[in-house]
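Since the structure comes first, as C-alpha cells, the remarks are kept for the end.
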Amino acid sequence: MSETMTIIFAISVMLAAVGGAAVLTWFERRLLGIWQDRYGPNRLGPGGILQVVADMLKLLTKHDWVPPFADRWVFIFAPTAIVVAMLLGFAVVPFGPGLHIIDVNIGLLFFIGMTSLAVYSVLLGGLASNNKYALLGGLRSAAQMVSYEVFMGLSLMGVVMLSGSFSMQDIVESQRDGWYCVSQSLGLFVFTIAAIAESHRLPFDLPEAEHELTAGFHTEYSGMKFAMFMLGEYLGLILISCMITTLFFGGWLAPFGATWLPPIVWFSLKTFIIICFFVLLRAAIPRPRYDQLMSLGWKVMLPLTLVNLVVTGAVALWMQGA
Amino acid sequence: MNIFSALASQFRTMWRILLHTFTRAETVQYPEQKPYLAPRYRGRIVLTLDPDGDERCVACNLCAAACPPDCIALQQGTREDGRWYPEFFRINFSRCIMCGLCEEACPTNAIQLIPDFEMCEYDRSSMVYEKEHLMIDGPGKYHDYNFYRVAGMEIEGKAKGEAQNEAPPIDVRSLLP
Ligand code: SF4
Ligand code: SF4
C-alpha cells in the first residue's frame, strides 16, 4: 500500500475500533440480557442501539471533575494512556491479505508491549486519585497484570515456534494447513485466561471489583475521563479478540476452503464470535478471590505454559529432524 | 484432581448459561405491558362507603395509631344523626409504606388498600391526598358490612338493642333482688 493509502487505512481502522467499542457497550448489555433472561437496553431506537448515543451524550455533559486532592496531571494522563496503548496495538493486526497498517517482524512483541503499557494507565489512575479504594484497585491491578503478563507472552511462544516468525502476516500464512487452536490448544487456553486478566474484564476484574472497591482504580473518575477508561477496556476486548483470531483461529483465512466471503469478513466474523465468548464468560463466571487469582496464575497457569513450551519445542525439533 | 473438577464445573456453567439463549426473558415491559396485580395487592388507599351509601369511617383514629410512619391525620366530628365521621382525612402518600396495617386496624372496613401503585407526581405536595381524593363511591372489598348495623351505638333511625344479634338493653335499675 502507498503511504497515503496506509494513512487512510490507519484512520479508518481507528474509527472502526472506537466505533466498534462504542457499539460493543450496547451489544454486550443486550447479549448479557439474553443470557440472563432479560432484555437489556431496548428502548431507544431499533433494538435500543441509540442507547450508545444517549450514553455518550450523558458522559459528555457530565461534570468533568478533578478532585482537589488528586495528582492533577497524572490523573488526567492515566485514562489517555490506556486508549492510546490499545489503539496502537491495532497497528499490527492483519485484517486481510496485505491489509494491515504495518507488518513488522516483531509484530507480536509489539502487541504484547502495547497491552503491557495499558497497565500503567490503571496503576497511575489508582495512584493519582489519592483515594484508598483507588489505591487498592491500582495495587491489585499491578500484581495481577504483572503476574499474568509473564505467561501471556510465554503462551504465545508455542505459536511463534511453530510458525517461525513474530510477524503477524507470517503467522496467519503459516496456518494454511491447520489452525493453531488445535496444535496449540493449551496455549490458546492459557492465553485466553491471561488475556481476560490483562484486559481486567469480568471475571478477572479485580482492580475494579465494584462490590468490594466501589469502582477500584476509577472510583474518582467521572465524565469523559471515565469514558476513556471504558473505551480503553472495550478497545482492549476487541484487540484481544483480534489477536486470538489471528494467532489461533487462522486470522483472515477462510475455514473449510469457503473463500466465497472476502478474507476481512471472515476475520470480522471470527473476532465477533470470540467477543461473544468473552461476554459469555462475563455472564457465567463469578469473580474469584484475590489470592485465588494469584495462586491460579503462578501455581497452575505458569507451569502449564512451561509444559506447553517444552512439548511444543520438542515436537518442533523432532519434526525438523524427521 | 480438584482443579479438573473445578474446570469442568466452569465449563458446565458456561454451557448452561449458553442454553439460556433459547429461553424467554422474564422482563415485564412495564408501561406497555402491565404486571398482574392480585386483588389483595396493597397499593393506593381508598375510603369506602357502606352498602347504604353512607360514610363508613367513624373517625376512631385506630388507623392513625397503627400507621408506622404516622402518615394518616384526621379529625373526628359528629353528625346530627349521631354518626361519627372524619371532618378531614388526610394521607401523606409520600410517607406511606403500603404496609396495610391501617386496613387491619380499621373496625369498620372503611380504609382499604387497592391494586394500584401508579402515583408518580412532580410536586411532592400532590402526594398528600385529602378525603375527597380518597373517597370512592362503593363498599370496596366488603360488600355487606355495615358497622352501625352490628354495633350498639345509638344513631338516628336505630335505637339501642336494634342492631344485629343485639339483645334489648336491660334497665339495670330494675334488677332488684
Ligand atoms: S398502609 Fe401502612 S403506612 Fe400506609 S397509611 Fe396504612 S398504616 Fe400507614
Ligand atoms: S378509617 Fe377506620 S380505623 Fe381509621 S379512623 Fe376511620 S374507622 Fe377508624
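What follows draws every value from the coordinates through simple rules; no lab data is involved. The structure presented is a predicted model; accordingly, all values stated were derived computationally and were not measured. All Cβ positions, even for glycine, are placed from backbone atoms using ideal geometry, and neighbour counts span all protein chains on display.
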- Message: Nothing charged except the Cβ atoms of Lys and Arg (+1) and of Asp and Glu (-1): what's the magnitude of the dipole of segment B:31-150 about its Cα centre? Round to the nearest 20 debye.
- Response: 360
- Checking A:146, A:300, A:279 against a Gaussian network model of chain A (alpha-carbon springs below 10 Å), the top fluctuating residue turns out to be A:300
- Query: So which residue, out of B:42, B:16, B:95, gets the largest mean-square fluctuation from a GNM of chain B using Cα contacts under 10 Å as springs?
  - Reply: B:16
- Query: Does segment A:172-322 classify as rounded, prolate or oblate by the C-alpha gyration tensor (a ≥ b ≥ c root eigenvalues; a/c under 1.5 gives rounded; else a/b over b/c gives prolate, otherwise oblate)?
  - Reply: oblate
- Helix B:2-19 versus the longest principal axis of chain B: what angle, 0 to 90°, nearest 10, using Cα atoms? 70
- Query: Given the C-alpha centroids of segment B:133-177 and segment A:159-195, what is the distance between them in whole angstrom?
  - Reply: 91
- Note on the structure: If unit charges are put on Cβ atoms (+1 for Lys and Arg, -1 for Asp and Glu) and the dipole of chain A is taken about its Cα centre, the option from A:244, A:256, A:40 lying farthest towards the positive end turns out to be A:40
- Partners for residue B:34 among lysines (Cα-Cα distance below 24 Å; same-chain residues under 8 apart left out): B:141
- Once the in-chain neighbours fewer than 8 apart are removed, the lysines whose Cα is under 28 Å from residue A:225 read A:58, A:62, A:132
- Task: Could you list the residues of segment A:125-157 with an amide nitrogen less than 12 Å from a label point located 7 Å from the Cα of residue A:290 in the Cα-to-C-beta direction?
- Result: A:133-144
- Task: With a/c under 1.5 counting as rounded, go ahead and sort segment A:68-316 into rounded, prolate or oblate using the C-alpha gyration tensor (a ≥ b ≥ c being the square roots of the eigenvalues; past the cut-off, prolate if a/b is larger than b/c, else oblate).
- Result: prolate
- Note on the structure: Out of B:47, B:101, B:18, a Gaussian network model of chain B with alpha-carbon springs under 10 Å gives the largest mean-square fluctuation to B:18
- Message: Let me spell out the model: positive unit charges on the Cβ of Lys and Arg, negative unit charges on the Cβ of Asp and Glu, origin at the Cα centre of segment A:68-316. What dipole size does that give, in debye rounded to 20?
- Response: 260
- Task: Please name whichever of A:94, A:155, A:124 sits farthest to the positive end of the charge dipole of segment A:87-182, dipole taken about the Cα centre and charges placed at Cβ: Lys and Arg +1, Asp and Glu -1.
- Result: A:124
- Query: Using 7 Å Cα-to-Cβ label points, what is the residue B:164/residue A:9 separation (nm, one decimal)?
  - Reply: 9.1
